[in-house]
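Okay, structure first, notes after.
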Amino acid sequence: MRRVYLDNNATTPVLPEVLEAMRPYFGEHFGNASSIHHHGQETRAAVERARESVAALLGCRASEVVFTSGGTEADNLAVFGLARSGDHVITSTIEHHAVLNACKHLAKYRGTTGCEVTYIPVDGRGLVDPADVKRAIRPNTKLITIMLANNETGVVQPVAEIGKIAAEADVYFHTDAVQAAGKIPIDVNKIGCDLLTISGHKIHGPQGVGALYVRKGTLLEPMLYGGSHERSRRAGTENVPGIVGLGKAAELAISGFERGDDRKMAAARDHLERELLEIEATGLNGEGAPRVPNTTNIYFDSIDGEALVIALDLKGLAVSTGAACSSGAIEPSHVLTAMGLRPDRAKASIRFSLGKQNTPEDIDFALALVPETVGRLRELSPVWLKSAVSH
Ligand SMILES: *Cc1c(COP(=O)(O)O)cnc(C)c1O
């Protein structure tokens, strides 16, 4: 059966060049990067080359890149590495759970008892208002953490404005750029952030590896203690194959921008979106906001999103109701409800997220399936049939 994958915000396929770059580090180049002999030097050099590649993608120095086990660990390191007892943290209601639940946990964590967190709301487009962030700053505010691009809607936040506000107030600013990396250019100095998260498997690298950019001079308390790996910011023998894969994925992301991959992806996404919105009683979540070029999130009224995902999967199309980690959850998406969507509309919403590997034929495949499947499910929906007079 033909299968088309349009769930690239959940994870992306590893590109063949990435796998090739990683392969020797599972085989002949097996050394511990901390060993002083030949085998260690070989893997150390590979880790440092990867660090240069990630730094090039983010516009920072290699010494400011800390490799982690993924986006979740990098987000946690940013939050727990800075917030202390008595501190105040500002975040938004639409963050990924790696930030949201870390912030929720702050009150219980180690010496951070007593941390207070302000959750900034978003408007109907899914945007944080920088003025709200500014107003929320208190004398004890230590950290602002607001994501760059949302994983469910692709909406891009005004991070450069928030960065300016944070700098003026002398507050650390972290941004989760997991869904922005490789899709829009990132420059930590233009954003004005002190910390920034990326993840390997969201940019066609391997799962289980990520990185946190930490601006020089940022006093970060580690979460893991052990050896002096990663300049004592993250102990543990390096995941060399993973790091090499992340480095290669970063290189390919840079050359992708030079080739115009992002523009091609936007054109394919726009085509898909336009056609899907032709279906009656549908709408775009994040309408009117800047978005990354690969994501579209659409509600299909009177449809159960979960049922639509399953029906499409049976026909070979992989899409998602939103965050992969909360699929199967009964609760509607916290992102869409924060945008003011009615719960039934939030549950009727589907995320289509494209990747570099997708072809125009993949889009045609989706367009041949979705309208028909939506129609079929609606014919079985009492809500839809009851409201038939209105459409
Ligand atoms: C996937 C994702 C993460 C988590 O990254 P992992 O590497 O899967 O731990 C964090 N933030 C956002 C926005 C994501 O999409």
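The values are calculated or read from the model by the stated rules, or taken from the named source; none is laboratory data. Keep in mind that what you see is a predicted model, and the values were worked out from it rather than measured. Cβ placement follows ideal geometry from the backbone for every residue including glycine, while neighbour counts extend to all protein chains displayed.
Please state which of the following conditions residue 59 fails to meet, knowing it meets all the rest: (1) within 13 Å of the ligand (Cβ to nearest atom); (2) surrounded by fewer than 21 Cβ atoms within 10 Å (Cβ to Cβ); (3) not hydroxyl-bearing (Ser, Thr, Tyr). All conditions are met except number (1). Report whether or not residue 141 is in contact (Cβ under 8 Å) with a residue 40 or more places away in the chain, more than 14 Å from residue 171 (Cβ to Cβ) and hydroxyl-bearing (Ser, Thr, Tyr). So residue 141 does not fit the description; no.
Can you go through 59, 114 and tell me which one is on the phi > 0 side of the Ramachandran plot and free of Cβ contacts under 8 Å to residues at least 60 places away in the same chain? The unique qualifying residue is 114.
The set of residues in segment 284-321 that are without any contact (Cβ under 8 Å) to a residue 24 or more places away in the chain and surrounded by fewer than 16 Cβ atoms within 10 Å (Cβ to Cβ) comprises 310, 313, 314.
None of 42, 20 is within 19 Å of residue 206 (Cβ to Cβ), in a helix (DSSP H, G or I) and modelled with pLDDT of 95 or more except 20.
Among the residues of segment 103-112, not a single one is crowded, with 21+ Cβ neighbours inside 10 Å and touching an Asp or Glu at 6+ places or on another chain (Cβ under 7 Å).
Conditions tested, residue by residue: (1) within 30 Å of residue 297 (Cα to Cα); (2) of a type in the set (A, V, I, L, M, F, W, C).
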| position | (1), (2) |
| --- | --- |
| 232 | no, no |
| 239 | no, no |
| 242 | no, no |
| 251 | yes, no |
| 255 | yes, no |
| 267 | yes, yes |
| 271 | yes, no |
| 274 | yes, no |
| 277 | yes, yes |
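Each residue in segment 295-333 was checked for being more than 21 Å from residue 367 (Cβ to Cβ), within 16 Å of the ligand (Cβ to nearest atom) and at pLDDT 90 or above, and 1 of them qualify. Just one of the listed residues (133, 79) is within 15 Å of the ligand (Cβ to nearest atom) and over 30 Å from residue 6 (Cα atoms), and it is 79.
Within segment 118-125, can one find any residue that is within 16 Å of the ligand (Cβ to nearest atom) and within 25 Å of the chain's Cα centre (by Cα)? Walk me through how you get there before you give the answer.
Just the residues of segment 118-125 that are within 16 Å of the ligand (Cβ to nearest atom), to begin with: 122.
Still in the running and within 25 Å of the chain's Cα centre (by Cα): 122.
Yes: one or more hits.
I'd like the residue in segment 183-221 that is polar (S, T, N, Q) and more than 10 Å from the ligand (Cβ to nearest atom) and, out of all such residues, is farthest from residue 151 (Cα to Cα). By that ranking, first place goes to 218. State whether the residues of segment 84-95 include one that is in the same structural domain as residue 191 (by TED's automatic domain parsing), more than 12 Å from the ligand (Cβ to nearest atom), within 20 Å of the chain's Cα centre (by Cα) and surrounded by fewer than 22 Cβ atoms within 10 Å (Cβ to Cβ). Yes, that holds for at least one residue.
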